[in-house]
Structure formats: C-alpha cells, structure tokens
Amino acid sequence: MKFNDIHKVLLLGSGALKIGEAGEFDYSGSQALKALREEGIETVLVNPNIATVQTSENVADKIYFLPVTPEFVEKVIAKERPDGILLSFGGQTALNCGVALHRQGILEKYNVKVIGTPVEAIIDTEDRDIFNQKLAEIDVNFTKSHATETVEEALKAANELGYPVILRAAYALGGLGSGFCNNDDELKALASKAFTYSNQVLVEKSLKGWKEIEYEVVRDRYDNCITVCNMENFDPLGIHTGESIVVAPSQTLTNSEFHKLRAIAIKIIRHIGIVGECNVQYALDPNSEDYRVIEVNARLSRSSALASKATGYPLAFVAAKLGLGYGLHELKNTVTKVTTACFEPALDYCVVKIPRWDLNKFVGVSKEIGSAMKSVGEIMAIGRSFEEAIQKGLRMIGQGMHGLLGNKHIDDISKELTEPTDMRIFAIADAFANGFSVDKIHDLTKIDKWFICKLKHIFDLGEELKKFNKIEELSDEFLLEVKKAGFSDFQLAKLVYKHTKVDITSDMMLVRDYRKKRGITPFVKQIDTLAAEYPAQTNYLYVTYNGSEHDIDFYDDKKSVIVLGSGAYRIGSSVEFDWCGVNAINTIRKRGYRSIMINYNPETVSTDYDTCDRLYFDELSFERVLDIYDLEMPMGVVVSTGGQIPNNLAMRLYQVNVPVLGTSPLNIDKAEDRNKFSELCDKFNIDQPRWKELTKIEDIMTFADEVGFPLLIRPSYVLSGAAMSVVSNKTELEHFLKLAATVSKQYPVVVTQFIENAKEVDFDAVAQNGELIIYAISEHQEFAGVHSGDATMLFPPQKLYVETVRRIKHVAKLLAKQLEISGPFNMQFLAKDNDIKVIELNLRASRSFPFVSKVLKTNFIEYATDIMLGIKVTPPAKTLFDLEYVGIKAPQFSFSRLAKADPILGVEMASTGEVGCLGENYYEAILKSMLSVGYKIPKKNILISSGPMKDKVQLLGPVQALKEKGFNIFCTRGTSNFFHENGIETSILNWPDDDRKPNIADYIRDHKIDLVINIPKNLSKTELDKDYVIRRMAIDFNIPLLTNARLASAFIMAFTKYSVDDLQIKSWNEYSNNL
Amino acid sequence: MNNLTKAELLLEDGTCYQGYSFGYEGPVAGEVVFNTAMTGYTESLTDPSYKGQILVSTYPLIGNYGIPGDEVQDGMPLFFESDRIHVQALIVSDYSFEYSHWNAKKSLADWLKENKVPGIFGIDTRALTKRLREKGSMLGKIIINNQEPEWYDPNKDNLVAQVSCKEPVTYGNGKYKVVLVDCGVKNAIIRNFIKRDVTITRVPYDYDFSKLEYDGLFISNGPGDPKMCKQTISHISEALKQEKPIFGICLGNQLLALAAGFDTYKLKYGHRSHNQPVLMTGTDKCFITSQNHGFAINLQSIDDNWIPWFNNVNDGTSEGIKHKSKPFFSVQFHPEACGGPVDTEFLFDDFIELIKQYTGK
C-alpha cells in the first residue's frame, strides 16, 4: 500500500527540447504529476520549458521556470521543503541533477526522500564498471567494455579488443560523443572529442549487424515485475535506437528468444533494485540465441514513452504510483478499468516508429546516421499488417514522402544501403526497382530479411498497380489488398495514372470516390491492452483496412469537434503546438462537446488517450482526416492549433465541404498566398519588405539592382544544402543561383529585400469576427535576420517605442478586420525607427502562444477555441502593460549532436527547443533563461572575435564591464586592435589556421576559455567559412558559444550585474498573482 | 491473391468470416477459441491441450520466424511440445508468406500442409475474438473448396484418451523418481523435470500407477473437460491418501481438485494467453503466467483441508490449490511456459524440494 509520509513532492523536468531529450518527458512528467495529484499530494515542478503541457495551470501546484541544475534546484528545495523528489521523469537532465544533489548531500540535508528507484541503483546503471560488475554477479552477458580515462588508455583497450570498436562517453545523453572506430586514427579523433563530454570513455567491441531489442520493465516494491512491451529495431545494431525505425512487438524473435530476453530483463531489474520503470537494451545475434546487454536506463525514456503509446499502458503514471508505495496488483489497468495493472499488454496490431530528421536545416552537417542521435522527432504508425504500418509511418514523417513508393529517387543506392542516411528505407525501394535481390539488400544493410521481404511485398504490389491505367480496372479484391498494404489514394493515383506532375489531387479524389462506391473503406479499431480478451471502454483508436467491422459506434449529432494535431516534432514545430492542441481539446470538453484528437506523435500529451474523448492515433493526411470526418460527422474541425500541417489542409477540407472552425479557409489562403497577401497590404498601405517571385536570372539581377543587397533568396527547388540563403553581393548571388538552386518557370525563386539593423517583433493574438480580443507583443533581442524561432524573445517588449507599438496594433487590427479573423493569429513585423513592415501573417496559433499565454497568465488558446465554437467572448481586463515582471524565451540548440554543422544563426531555424523564464527585470530574466539553455557564467577567460564594426562597437560597453569584473579577454588580432584603440587592453590569440602560438585552437582544446563570442561579419559563405573552426571547436569542446552581438551584450551585462545567488527563486504564481 | 484458395470460418451462431487458405485445403470442424499471445505459434500448435480446437490468434502477424527442424533431445522433439500439431485449424489475420530465422527449416504453411491442418488468413481476428468473448467459445467449421464438414463438439469426446501415450515411457536418469500421468503432457514439463535430476515415468492417463515405485506424482495438462477422466481421478484419489508429493498443472490441477472432492466448471471463453496475472493468496506476490484452459476449479467447492493458493487478479477465478498439511499442490497456469513467461518455473523447484523432504534424498 501507499506510504503515508509523503505529502509534498518535487518533480524535475527535462528543460528545453533537444536532440536526444524531447517531448517524451513532457508526457512522462505530466503523467507523473497526474498520478501524484490523484493521491492528494502537493506537487512542485522545476522546468524552464514554458511551452510544455506540464508547466500549465492545474498540472502542478507550483511551477518554477528555472534551470534544472543543482544550484537552482537546491534553492527551490530550501524554499519549498518537499518530502520527496522524483528524478526519473525528466530524462537524463533530471537524473544527472538528482545524482548531483545526492552526492552533494543536499537531499540528505533537507531530508528529501527520492521516490521510486533509489539513487544508488541509478548510479549503478550509469557507471559502466559498476553496472558490468552487477551483471556479472547474476551471470548476464554484457558487452565487454573498457572504461578509460585518457586517449592512450582508449587506444590500448581498442587494440586489445580488436577493431571495429565503439566508443561511448559515460553519463552522456543519447549517445553523445559516441561512434565506431575502425583504426587507431579514427579512435584518436573520436576519443579526444568524447573526453570533452565525460571524463570516462568506454571502449567496446562492435556488434554491428546484431539485432537490437529493447524491453520496458516495471517493478514494484514487492518485487513484482512485468515487461510492458518489447521492441525490435528494423535497423540492426550500429544505428542508435533513436535513429532507428523500431517495431513493437518484436517481429523476428521466436518464443524462446522473446522470453529468454524478457526473463533476463526481469532478473536485471530485480538485482539492481529499480522501483518503477526501466529500459533494457540488448544486442541479439542474428544466428543464435547469444545476446549482450547493451544498456539499462533506470528512468522513463523515449522508448518508454513509445512503449506507453504502443501498448496503451501508462508507464509513467504507473511508475509514479509504484514510487508512492503501491504494488502493481493494487493498481487498475486504466484502459479496461476492470482488470489489474499487473499484466503485460497483448497487442493485436503492429506499431512502427520512424525518426524524423531535419538535417537539411543545418549547414555542413553529415547526413549519415549511426551511433549518435541526430533526429529531432519521431512518429508512430499503427496497423494490422507491417506493410500498412510502415507506409502510414513513412507518410507521417512529413518530408514529402507518400509511403514506401511513389517518391523521388536515390542516386547511389549501394552507398546509401551500406552508409545509411535518413533516406535509407527509400533506397531499399529503389534497390528493388534496380533489380537488387532481398539477399543482396540484406548483405548490404544487415536488416533482417523478414523486414526486407515485407518491403518487397509493397514494391511488388506497386509494380502490379502500374499495369493498370484506370482505377476502375482494379478488381475489388486487389484494391482492398493494396489498401491493406497501406497504399494511400495518392499513391494509387500516382501509380495507376502514371503521374509525373506534383498536383494530382483530382485523380486522388477519383480513387477515393471510386473505392467508396465499391465499399472499400477503412475500419476503426481500439487499442485495449488485452487484444479484446476483456471488454474495454477505451477511446484510443486507429484506422485500418485489415478488418471487417468497427469497434466503436458513431453518433451523428454534431456534438463533437475534431482537433488536428501537429504531427512529428521537427525544427520549427514542436511541443508548443502540443500545448495548443491540448488546450483546444480542454476547452472543447469544458464547453460540453466531445473532443476528437487526430495526431501520431508518440512524444506528446495530446496523444494521451486521457486527454480527449476520442484519440485517433493516425495520419493527418487529407485522406485520413476525411475518412475520420466521414465517420464522426463532427460539428467542425479545428485546423489552427497544430501548426502548419493542419493549416495546410484548411483549403482542401473547405473544398470538400468540411466545416473548418474559425477563420474562413478562403481568408487563410489570402494570408498564406504571397501575392494575395501583398495585394491586401498594398490596398491598405501596409508596408512590407520588397519582394518578387522571379523565374529568370536576369530578372533577379534587375531586382537586386533596384532594392540593393543584402537579399534573401528562397528557391522552390534546391540542389543541395539549405533552402534559404542571404546574399550580400552580386558574386554571391550568382554563385548561389548557379550552384544551389534551380530557377525556371516551374521553380520560381522568391527574392526579398533583407533589412539590416531592424528590430523584429512578434504579435500573437486572438480575434473574433475581425475584432481584436487579446494580443501580446514580443520583441526580439537579436536584430532581424535571425529566424524568429531562434530569437530570444522579450515579453512584454522592453525597448520598443510607444509609437511602434501603436502602429503595430493598428495594422494588426486592420488586417484582422479585413480577413474577418475568428481564432488565433500571429504576425511578424520589422521595426526600424518608427517604421514598421509586415513580414508575415499566419492565421493560426504560433510557436510563441504558450509563452505569451503563460507570462500573461491568460490562455490565448482558450479564447481562440471559444471563438471557434461560436461562443461570444469579452476581452480580458489585464493587458501586457500591467505586467510587473519580464518573460524571456530563449532558444535551445543541439549543435553538439550534429557533427560538423556550423553553429550559426541564420534565416533557417536551427534551434530544437526553447525555455521561458520570468524575472524581476530584463537582466534577471535573460540570465535565468540563458542558464536554462546551457550557458554558464564564465569563470575567468573569454574569447571574442567580432567581424562587423557595429558589433564591435556594441560590445565595447560589455567588454569594459568584463574588465572591471576582472575577466581576462582574449581576442583575434583585428578585434583586439579595435578594443585597444578604444582604451581596452586584451590579449591576442592567433587564428586556428595559423601556426603561431598562442593559438585559439589550443586554448579551446585545453579548456582555457570559458565563453566564446564569435560574430561573423555577414552570412555569406566566405565569411562563415573563416570562423567556422572557432565555432565548431567551441561546440565540440563544450564551451558556451554566442554568435550574436546583441545577445552577447545582454548576457554579459546580465552576469556582470547579477550573480546566480542574486536571482529570485519565485514560482509562476508568485509573479502572476499580483496581476 | 488471385492464385489463393478462398476459405471461410462458419460459427455455430451463423456468423461467417471470409479469408484465404494458406494451409491444408480440407474441411474441418471443432471448438473455436482465441489466444492473445504474440509469440509461440509453434508451441501452441503442438500443445495437446488444443486438441479438437480451432485456434484464433489475436496477434495479426503470424509465421514470421517459420518453423524449426525436428531435432530430438532426451527422446523428445527439441522445439515442439509434442510429436504433432493438435489444433484442428489456425485462423490469423496476416500470414507472413516469407519467414526469416536462423533456426527455421520450413514455413508455417508447409508445416500445416504436411500435417493436414488448415490455416486461414485475411480474417478480422479482432472482430472474431470479440464475438467469442461476448458469446463464449463456440463451435465452428472451416469451409474450403465448397466442402463443408459436420459440426464437431470436442468436449463430448474423451480427448485425453486421444492425446495420452499408450504405454509407459521413461525419460532421463535422475536421482528422483517422478510418475507423470500423461493427459496430453507438453514436452516442456518433461524437460523441466529432466533438468532437475528427475527420472520421469510417463504413464497413460488411465494407468494404475499405484504399483510403481516413485518419489512424487505429477499430473499433466491436457485437453477438454476434466470430468471425462474418471479413471485418472480415482487413481489420484488413492494417491491423496498417501504422503507422497503431488504436483498438477492445468488439467492436472482440475483433476487433483476433482479427486479431492471439489467441483470444476467450464469458463465462458477460457484463458489462453501469456499475460495472465495470478496472485498468491495472502501475499503481495503477483505473477505473470502462461495459460491455456477452458475449465476451472469452483472456488466455493474447496474444503478446509486445502487453501486457494493462487487466484486470477482479473476475474478472481481459481489458479491453484494447496493442501494445508500434505505435500500436494497444483496450479491452473503453466509454469513450464513454452510459450510464454517463465516467471513461475520455481514451482518445479518447490516440488523437488517436497520430494527431497519426503524421501530424504
């Protein structure tokens, strides 16, 4: 039974989303908080990630938007004096912080009990030597690894084991600093990098090609154990599980293998003494039952979130309850509500997880996937055949793919198969087309033949489809067969009608209408955890063609509303849209409607079946949304809270008479279509940066002559690298157009005037029938040119003219009226002096909605949803001018995971997450938020190299302040000369490509520098290449890096004015209650 | 699909499910039951407890890892639970025509064909399972090539007699002598004994083992209604008068109960899965077990000399009984697993411990 001495509990979140630590921890933390509150326990949460669901009202009792680091958490503990602390729900960040608090004796000092798995057990799993020793004690096989502390030791170990070997940095997130080495040279290079992340590096024999299998194991304090799910990686060992396609349950394991590994997982969890959840990863020999334990994660993980969604078993919720003292058998299965939580889910479907990469967004990054994680999100697809699930999944990742077939082709197939990138699975499809046999593909990829055969089956069906010329020629039987194999109407249209052009909507509708006429429509099935053995009132649903009846009834009463979710997390669209979706759902339920969510991202709260009345864990494609619409016949569909994916469906849904709630899709189109929007702006004399859509190089040159440089170029077809670019002169423009982009009638290029030294302002608002109801104005710390998603945002604005604010509001009101906006919208402005220009208008919720809603403590989405439901709302009494504190949103970058990527801010968004912190003033807030995304206050030495004169000038004051505080300033020669001329003495370091000493490279490598400030002159390639080495070394050697002068100044001014001890430890309520 | 033979499953309530044949193309009838395990089709198909039954797999993807070879160890096929397939037919949603496993020698389809067992795929096994759950296990028949068989109710037959060995057989050469009453024993049980230094004397279900010299008595699993096994029950009643350790599994559990004078009954649709939670009564010990049974002990009928040892956490049914003073116990679930979780394998150790205490060996 439950312990009775726990009344107040502190939960540590995972902070900003980053590669390897993403939305899954919002889901697990939210579940844990729900479990605690259900027990009447007071909850305190530390998490600076303001966009999450867990940092919302009524999820935790007290929320601190502060860094999850021992120094801040100690202060929260001292203030709140909780009885217990949960460490395993906030990823590696929370776990590392918890271990540090334990080691520093802070938990003991304040008498805080670690709930669930004891810290000692966590340490046992994190320290490879202790862990291996623990495994040896119970005769479990593990990869023999040598823990090394120097490069020389690593070299020796590798030679003992024999190449190939794998290196891993101990205590590192998701394989950071790890990789394969085939020889001494590769080892030396990788080892020196790995030692920058950890002082222990493990050298292991490589088991490349073995199957990779995971088990999610749960144990209670009575020693009862279950494995909730096992999963098999489609990609064999060698590719990080976060980079692998994963299926659940395992597909190629016999009963004997399945249960052998299951039994070992239980043996391990018992021996280590986990109370709660852990994850065990195995390598399994594809030619025998030989196995190795690769890793145990003594906490909730990405895999456990996936397992929860794959099975319907709420792992985090149960783990929290077990920590409170319950036994598994004392808890109910939350899906069936009648059976016990002490069971192992039986699936009657198959689940496929596919990672989502965004490697195109980064300059210079290697696209190869391997033992380090690079993906930024993932999707989960459910089907009753593997073919169905994988084809759904390949569409869900949303990179323009239509399933396994019907995509653009891969150039070098053999290379792609042996040295995989994010495109490997499509290369397999192309390999079939080029006559590669299953055996040959297996030899090249080591992917189990079972999977390759399944893909071959899809390919063969595609070939069969090509033999037809009209959909009517297909027999009903064959049409059903291909739908069962996951072919979309789009793929059918493309393969049957042999389309080469992009827009085949009309043929797709032809296919759809024909198959509906023939009665070939999908069925809705429940996920019930017990494969229909017990009746379950579950609302967790998916859609399949492998069935003959629906599990549920439909009510044609117009009392339900469908909300379209945001799909896979990717750069530019992540947890913030989950917050928006969840809040739309909450409002819909509050107003007495049944809420229906469609989404397929396993890392989200919106795909928690507890959140809504019906959850369709399925595609957000036009076809699938219509399928669900046809069955549910809701009052309407909300497309404006899930970011760009649902927004893009608005017009098409409207065209087939689906009621889209809120602003009319016709007006959404007016805002989205560049030409229509400009026309509208021109009509009302609203200024925009000058732009033109051009199809000829000569026209581009003429336009450049007219408006001058720099220019922003946005090609519709890129040959390589990033899609957008800024060019500073004619040579660069010519170079870009020649090498990177195609210009033609079919592929026009949009050229926009690039305005320098302008402020950028975000305007988030909600309107009803064209009347502005509520709004928030945020100012960017960086000047325009840094993507708004990478900018540091200040709300309320700190340095905007009143006149600028007035003009912005005026334009926003005007456009709201003209577009008859009913719902959320966002505008971006440029402000220079008092002139304002509109950059863009989105008739949907934006990335900053949760941030401004929480700072203002006014839920913008609730207003927007009410409006979309047709409820008349009145504007709230408070406005941003009432705030007595400042909120600052700062971006989180994951460059350390993206080998070779240039860590520079530009017109393409590069950040993977964000935080938002509150402070008494600007400096306090900026310091808290920057510390939250991993910046550290430098101890002594700072390196500055600044290109442009204006940035050098900008840094004068801050550098003076640094000197006064006794910091040592190191500079490149030019920068040093500039400071010298201005009366500030700095030490000169030579460029890394210079042989002379003292050299920047040595200083960085030896960790003699605590902060690197490197400001490139402009975003041209030559300028960027010049300083690339400095920036990349800073990242690789884990030294904080700033590349924007205005942000660097703000940070310096903040930490020279405030120390960490000066910062206020105040909860969200303490700030906002005074409003 | 064009070259596939259509086949259908007709239930006694008139429901008909259309699919395609992937096994032997012949008509067959039996009792339709479902199993929710996600692995272990090889083990299930050769489990004698399925005698007379048409097995529905709720897990949709079947055949993935093929069928292993027929290597023999200790006088038993190494990878099978008996020497043949016992199910009448197999119903799945998505048959995997291609298989992949280092241990596989043939496809599931070929194996079914060799053994003249029909297999159907392309059926909504979830819909079918829900029907069986709501209406209870039903009779069914496979119609193939327009051949329709007669209805067949296996519960009216003495199935145990059909699957039991005909003559005593000895396995292993261990220190402890255990008589195994074969009501349709799974090989995994025998393997578990051999592993524990036991010599097994496997005797037919109606064999009078009282004349044999032995240290412990084991009553095996098997198909059908336990009340059919009248001779077995009376032999066990005699054994209950002695002090020699007795252990029963599944049907053996029901037979032990009947021999002790308790009652059994037929469950609506039985337990057939790898995820059944059983609680050891009076403790907080809960085990995940493999199960395959359609009958159970009536909990109310147990007398004061015995305790209800394990109960099912989900539906409260009896999962095992234990004598208060004598070394007799039995469980409804399968501690030998195969397929399924091996978490309760310790019961074999417990039994050997009782034998040690009894014999002093």
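The values are calculated or read from the model by the stated rules, or taken from the named source; none is laboratory data. Just so it is clear, the model here is predicted, and its values are computed rather than measured. Every residue, glycine among them, receives a Cβ derived from its backbone with ideal geometry; neighbour counts consider all protein chains shown. Quick note on the areas: whole protein, heavy atoms, side chains included, nothing else; ligands and nucleic acids left out. Shrake-Rupley method; radii C 1.70, N 1.55, O 1.52, S 1.80 Å.
For region B:230-281, trypsin sites (Lys or Arg not before Pro) are listed when DSSP marks them as loop and at most 10 other Cβ atoms sit within 10 Å of their Cβ; the list is B:241.
Values of log10 I(q)/I(0) for region B:290-353 across q = 0.18, 0.21, 0.22, 0.26 Å⁻¹ run -0.71, -0.93, -1.01, -1.24, by the Debye formula with one identical scatterer at each alpha carbon and no solvent. Averaged over peptide B:39-46, the number of partner chain Cβ atoms lying within 10 Å of each residue's Cβ comes to 3.
Please list log₁₀ I(q)/I(0) at q = 0.13, 0.21, 0.25 Å⁻¹ for region A:517-581, using the Debye equation with identical point scatterers on the alpha-carbon positions. Evaluating at q = 0.13, 0.21, 0.25 Å⁻¹ gives log10 I(q)/I(0) of -0.59, -1.03, -1.09.
Its residues counted as N, region B:47-141 yields a C-alpha radius of gyration over 2.2 N^0.38 Å of 1.15. Taking all protein chains together and rolling a 1.4 Å probe, residue B:315 ends up with roughly 70 Å² accessible. Cα centroid distance between region A:70-105 and region A:999-1068, in Å? When both Cα centres are located, 27 Å separates them. Out of every Cα pair in region A:138-245, what percent are spaced more than 16 Å from each other? So the pairs more than 16 Å apart make up 63 percent of the total in region A:138-245.
Assuming charge only on the beta carbon of Lys and Arg (+1) and of Asp and Glu (-1), the dipole of the protein assembly as shown about its Cα centre is about 1700 debye to the nearest 20.
Per residue of chain B, the DSSP helices (runs of n ≥ 4 H) give a summed -39500 (n - 2.57) that works out to -5500 deg cm²/dmol at 222 nm. Kindly identify region A:1-79 as rounded, prolate or oblate by the Cα gyration tensor criterion: order the square roots of the eigenvalues as a ≥ b ≥ c, call it rounded if a/c is under 1.5, otherwise compare a/b with b/c, prolate if a/b is larger, else oblate. Verdict is oblate for region A:1-79.
Dividing the convex hull volume of the alpha carbon atoms of region A:53-191 by its residue count gives 151 Å³ per residue.
Normalised by residue count, region A:176-235 yields a Cα convex hull volume of 139 Å³ per residue. For region A:943-1035, the Kirkwood estimate of hydrodynamic radius, built from reciprocal distances between every pair of different alpha carbons, is 13.4 Å.
Computed on the Cα trace of region A:590-747, the radius of gyration divided by the Kirkwood hydrodynamic radius gives Rg/Rh = 1.10. For region A:708-819, the Cα-based Rg and Dmax, in that order, read 17.8, 49 Å. Bridgeable aspartates and glutamates around residue A:1057 (alpha carbons under 15 Å apart, same-chain partners fewer than 8 residues away excluded): A:920, A:924, A:964. So which of A:415/A:454; A:211/A:900; A:392/A:467; A:62/A:1066 end up more than 20 Å apart by C-alpha? The pairs that break the limit, which is 20 Å between Cα atoms, are A:415/A:454; A:211/A:900; A:392/A:467.
Among the trypsin sites (Lys or Arg not before Pro) in region A:310-365, those placed in a DSSP loop whose Cβ has at most 12 other Cβ atoms within 10 Å are A:337. For the listed residue pairs A:18/A:997; A:759/A:1017; A:670/A:1017; B:106/B:135; A:75/A:309; A:683/A:730, the alpha carbons are over 27 angstrom apart in A:18/A:997; A:670/A:1017; B:106/B:135; A:75/A:309; A:683/A:730.
In this simple spin-label model, placing a label point 7 Å from the Cα along the Cα-to-Cβ direction at both residue A:960 and residue A:973 gives a separation of 2.8 nm. What translational diffusion coefficient, in µm²/s and rounded to a whole number, does the Stokes-Einstein relation yield for region A:462-528 at 20 °C and a viscosity of 1.002 mPa s, taking the hydrodynamic radius as the Kirkwood radius over Cα pairs? Reported coefficient: 174 µm²/s. Note on chain A: helix-only mean residue ellipticity at 222 nm, from DSSP H runs of 4+ residues weighted -39500 (n - 2.57) and normalised by residue number, equals -11000 deg cm²/dmol. For the set A:844, A:37, the ranking by accessible area, highest first and with no ligand, DNA or RNA atoms included, is A:37, A:844 under a 1.4 Å probe.
Classify region B:251-322 from the C-alpha gyration tensor, please: rounded if a/c falls under 1.5, else prolate or oblate depending on whether a/b exceeds b/c. The shape class here is oblate. Residue A:515: net charge of surrounding residues, Cβ under 14 Å, Lys/Arg +1, Asp/Glu -1, itself excluded? It works out to a net charge of -3.
Mean projected area of the convex hull spanned by the Cα atoms of region A:779-916, taken over all viewing directions: 9.5 nm². Taking a quarter of the surface of the Cα convex hull of region B:212-361 gives a mean projected area of 8.7 nm². Residue by residue along A:330-337, Cβ atoms of other protein chains within 10 Å of the local Cβ number 1 on average.
Which residue, chosen from A:199, B:310, B:338, occupies the Cα position most advanced towards the positive end of the dipole of the protein assembly as shown, where the dipole is computed from +1 (Lys, Arg) and -1 (Asp, Glu) charges on Cβ about the Cα centre? Going by the charge dipole, the pick is A:199.
The mean number of Cβ atoms from other chains found within 10 Å of a Cβ in peptide A:244-255 is 5, as a whole number.
The protection proxy used here, the mean number of other Cβ atoms lying within 10 Å of each residue, ranks peptides A:871-877, B:138-144 as follows, highest first: B:138-144, A:871-877.
Counting only residues at least eight positions apart within a chain, or on another chain, the aspartates and glutamates with an alpha carbon under 15 Å from that of residue B:227 are B:157, B:206, B:263. Which shape class, rounded, prolate or oblate, goes with chain B when its Cα gyration tensor gives a ≥ b ≥ c as root eigenvalues, a/c under 1.5 marks rounded, and past that a/b bigger than b/c marks prolate? Prolate, because a/c is 1.5 or more and a/b exceeds b/c.
Based on the convex hull around the alpha carbon atoms, region A:806-873 presents an average projected area of 5.2 nm². So what does the Cα-only Debye profile of the protein assembly as shown read at q = 0.06 Å⁻¹, as log10 I(q)/I(0), no solvent term? The computed values of log10 I(q)/I(0) come out as -0.58.
Here region B:324-361 and region A:876-945 have alpha carbon centers that stand 62 Å from each other. Placing +1 on each Lys and Arg Cβ and -1 on each Asp and Glu Cβ, with no other charges, gives region B:1-62 a dipole about its Cα centre of roughly 160 debye. Based on the Kirkwood radius over alpha-carbon pairs, what value in µm²/s does the Stokes-Einstein equation return for the translational diffusion coefficient of region B:1-90 at 4 °C and 1.567 mPa s? For these conditions, the coefficient is 89 µm²/s.
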